[in-house]
1. Could you tell me whether residue 133 is closer than 29 Å to residue 170 by Cα and modelled with pLDDT of 95 or more?
2. What is the number of the single condition among (1) under 15 Å from residue 222 (Cβ atoms); (2) touching a residue at least 24 places away in the same chain (Cβ under 8 Å); (3) open to solvent by 40 Å² or more (accessible area, probe 1.4 Å) that residue 167 does not meet?
3. Are there any helices (runs of 4 or more DSSP H) wholly within the stretch 115-201 with 1 or more residues that are within 26 Å of residue 86 (Cα to Cα) and outside the structural domain of residue 102 (by the TED database), and if so which?
4. What number of residues in the stretch 79-132 are charged (D, E, K, R) and farther than 23 Å from residue 181 by Cα?
5. Among the numbered criteria (1) without any contact (Cβ under 8 Å) to a residue 12 or more places away in the chain; (2) surrounded by 14 or more Cβ atoms within 10 Å (Cβ to Cβ), which one does residue 146 miss?
6. Scanning for something hydroxyl-bearing (Ser, Thr, Tyr), surrounded by 16 or more Cβ atoms within 10 Å (Cβ to Cβ) and either outside the structural domain of residue 230 (by the TED database) or touching a helix residue (DSSP H, G or I) at 6+ places or on another chain (Cβ under 7 Å) (or both), does the stretch 74-87 turn up at least one residue?
7. Which count do you get for residues in the stretch 170-189 that are more than 32 Å from the chain's Cα centre (by Cα), surrounded by fewer than 17 Cβ atoms within 10 Å (Cβ to Cβ) and among the aliphatic types (A, V, I, L, M)?
8. When residues of the stretch 138-150 are filtered for being under 24 Å from residue 90 (Cβ atoms) and either modelled with pLDDT under 95 or among the charged types (D, E, K, R) (or both), how many remain?
Amino acid sequence: MGSSSGNTLKSLSNRCLLRLSSDTHSLFHGKTFNEASLTTQRRGFYSFSSPNKLASCKGSHPLRSFSTSSSSSKVGFLGWYLAKLESNPIITKSVTTSLIFAAADFTSQMITSASSYDSIRTLRMAGYGLLLLGPSQHLWFNLLSKALPKRDMLTTFKKMFLGQAVFGPLVTTVFFSYNAALQGENAEEIAARLTRDLLPTLISGAMFWPTCDFVTYKFVPVHLQFLFLHMDNLFDVHGKLKQSEHRVVGLLT
């Protein structure tokens, strides 16, 4: 008996709510609707209230816009440059080295040169970075990372030693020869220049580069090691410049 009375009251309550909704709808819209239409609208409301449905409404894409803005914030020059390092490593490193050497030489001339700016000298430095140092550094750092893949202290010191004893003297010798040849010097004059300038340049570099090498080989990823060293090149110009053109640029190698 109690259960029957409860069901009756519940049924009456639902009918009253339905009637009230119908009257309200009629008041504002001049139309009536049945229980089925009320259920349909309720479903539509709940469906519309979900985040995905809200995002798909015409003229409103909050979730998609947020996702796009978040991803676009990660895309810029840095993302583009890192992608180029991965897809075209040699070309990207060579162009980067060329630009940094040109900037370093331009800066050195502005600081130390009393005469007018020598644009040909800057072009020589850019060419050296583009054609010789950039590609050779790519090969050297990759070779070291494969031959000595660990980053422990002993391996790091081995890399530092090889850099100072093998790669450094080699690229410095190539630089002096390249620079002198482009200035019209013959083989004897180039040999005399190497005898005069090579050893002092290497000794001067030994006061600075081992620390940079340690940080590079110990902490910097292989594909960015060349860039870290070239940043040191650029800043080293201001601290260790000499009046001699060749001695100055020799410090950059």
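1. no
2. Every condition holds for residue 167 apart from (3).
3. So the answer is 134-147, 153-162, 168-182.
4. Of the residues in the stretch 79-132, 3 are charged (D, E, K, R) and farther than 23 Å from residue 181 by Cα.
5. The failed condition is (2).
6. no
7. Of the residues in the stretch 170-189, 3 are more than 32 Å from the chain's Cα centre (by Cα), surrounded by fewer than 17 Cβ atoms within 10 Å (Cβ to Cβ) and among the aliphatic types (A, V, I, L, M).
8. Number satisfying all stated conditions: 1.
The values are calculated or read from the model by the stated rules, or taken from the named source; none is laboratory data. Computed from a prediction, not measured in an experiment: that's the story for all the values here. When we count neighbours, we look across all protein chains shown, and the Cβ atoms used for this are built from the backbone with ideal geometry, even at glycine. Each accessible area value is taken on the protein alone, full model and side chains, heavy atoms only, with ligands, DNA and RNA left out. Shrake-Rupley method; radii C 1.70, N 1.55, O 1.52, S 1.80 Å.
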